[in-house]
Protein chains: 2
Amino acid sequence: MADQPAHTGLIWRERPGRGRPTAERPTSPAADRADAVYADLRRAIIEQSLMPGDKLPEDTIGESFGVSRTLVRGALTRLVADGLVEQWKNRGSFVASPSLVEAQQVFDVRRQPEGLVVERLAGALAREHANRLHGHVAAEKRFHGKEGPEAIRLAGEFHVLLAELTGNTLLARYVSEVVSRSSLILALYSRPHPSECGASEHAEIIEALIAGNAARARYLMDHHLGAVQERALLPKPGAAGRSLKDVLVRYAEPREPLPMASPTQRRA
Amino acid sequence: MADQPAHTGLIWRERPGRGRPTAERPTSPAADRADAVYADLRRAIIEQSLMPGDKLPEDTIGESFGVSRTLVRGALTRLVADGLVEQWKNRGSFVASPSLVEAQQVFDVRRQPEGLVVERLAGALAREHANRLHGHVAAEKRFHGKEGPEAIRLAGEFHVLLAELTGNTLLARYVSEVVSRSSLILALYSRPHPSECGASEHAEIIEALIAGNAARARYLMDHHLGAVQERALLPKPGAAGRSLKDVLVRYAEPREPLPMASPTQRRA
DNA sequence: TCGTAACGGATTGTGTCCAATACTGTCACC
DNA sequence: GGTGACAGTATTGGACACAATCCGTTACGA
């Protein structure tokens, strides 16, 4: 995520042409700090360093990053637009806690843009693109069996990468957003599962795309998303070690943050 | 658009339960002013009172609405997320001017969520919902022949209304966003066309939904969107009264705002 | 013991200030 | 006549300070 997708990464559009006037200014590049706050916060959420429901106080975050509340607020506003953060009037910002219903809706919606992606890409994959995809899957497989945050992030980034290859900026943006939201949902609802078998499913999709079999690619993608959804939303009913809170959280519809329980802060 | 769609209208989520503590406070309700700025700006853009490329100076807008730049900045940030406004570092904000390529992409993407909408709604339309839809179409027909901004707005709101009826918040949000972007594109590229025949197409879709014919509804929606796209992006090549600028604007890829030409301000 | 009301602390909401940057117009020079 | 550099001006970027709101606690009364 070094250079992240254009849609979500940058507030300010670079001016086209006339190459940057002052190349590489040594001091902190002003507006980029705002982007840094946004990117770091976003990544912390997706990697589950910040869990759903965690409080995000403006001043605390500002101190951590060495910026004022103004910039933090801007970053939070953008994260709200991404659906990763919720804001409550006079109470502050929290990492979003999508309800079970909202989670279902996310997966419901997600199949549409992702279906379009594979349709566009089937048979239209440049050699170099295919290589990048294979490389990504290889990276995923290195995490096979583990279930750390990197694994979740990598799995999501595969879908984003796929979408970006279509060249359709808006499409890439939508996919990126639903993927982010899915990561959040996984953090909230999914039980630890032994092995993330997503990587091999990803590989299958790539094969179908290279073969130019649009129908099969769409079928595979649909199945893959269905599998992810199932893993996320249908944990074993009688699983041990399930706390009351874990159960109840699924039924709290408009996810009001718990007033007291919120830890003062969490750092990535 | 009195009470606009939840997703885009409110920064702050209302606290659930415990009915509002201080009912109807007389003074301006603080955060609502920020929402007002956002909503009015958004509407001004969609109704084409503000045209693509128009400059949006923070202080001028602030004066117009009687708020400080802080609130304006927040509203602009949200409009950026909606794709209605572009920001350029140290140059300010402008009404977005999607390129022809981006416009194509918007319509390309748009069919997906809208297809899902009619699929979900086919045969699942409550009587009251059907009535609301019919009422809306009736309102549209009142503008038959005219081509004012209200007509464009109403046509767009039909799609948003449809999406909201699915009950899927995220889906409604996506549709709302692509509809907004489409309005912008219509403002940029479409030639005045004699009669907006969209209303009757909308009526046909409603009939198919009531009949529970999902396939036909999806077909109709697809065709409808195709028709809109064609009207928007394929004007008569030899149309008279076409200025050089009108032509060139279609080929400027990364839409940098013209440094000089921007009118100092436009008021809605 | 429970319910209600008031107080204090903490956090956010908003406005305003100063600095940095880019654009525009003018002038000198080639 | 055209190109380049320079200074003035306007606008934005960011930070800070004050005010408003809300939460949690405590004290009081039934």
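The values are calculated or read from the model by the stated rules, or taken from the named source; none is laboratory data. Just so it is clear, the structure is predicted and the values come from calculations on it, not from any experiment. Counting neighbours? That spans all protein chains shown, and the Cβs are built from the backbone with ideal geometry, glycine included. Quick note on the areas: whole protein, heavy atoms, side chains included, nothing else; ligands and nucleic acids left out. Shrake-Rupley method; radii C 1.70, N 1.55, O 1.52, S 1.80 Å.
What to note about this one:
- Computed accessible area, residue A:101, all protein chains, 1.4 angstrom probe, square angstrom: 80
- For residue A:85, the residues whose modelled amide H falls within less than 5 Å of its own, excluding neighbours fewer than 5 places apart on the same chain, are A:80, A:96.
- Per-residue average of Cβ from other chains inside 10 Å of B:90-102: 1
- Prolate/oblate/rounded call for region B:61-122, Cα gyration tensor, a/c under 1.5 rounded: oblate
- Across the identical copies, how the residue A:222 labels are spaced - nm, sorted shortest first, 7 Å along Cα→Cβ: 1.3
- For the peptide A:164-174, the mean number of other protein chain Cβ atoms found within 10 angstrom of a residue's Cβ is 4.
- In terms of its C-alpha gyration tensor, region A:126-180 has an oblate overall shape, because the principal axis ratio a/c (a ≥ b ≥ c, square roots of the eigenvalues) is not below 1.5 and a/b does not outweigh b/c.
- Comment: the Cα-to-Cβ extended label point of residue A:59, at 7 Å, lies 3.0 nm from its counterparts in the other copies, nearest first.
- Additional length obtainable on full extension of the chain from residue A:200 to residue A:32, 0.36 nm per residue less Cα span: 56.8 nm
- Extension gain, residue B:127 back to residue B:207 (0.36 nm per residue minus Cα-Cα distance, nm): 27.6 nm
- Region B:95-162: GluC sites (Glu not before Pro) in DSSP loop, at most 16 other beta carbons within 10 Å: B:147
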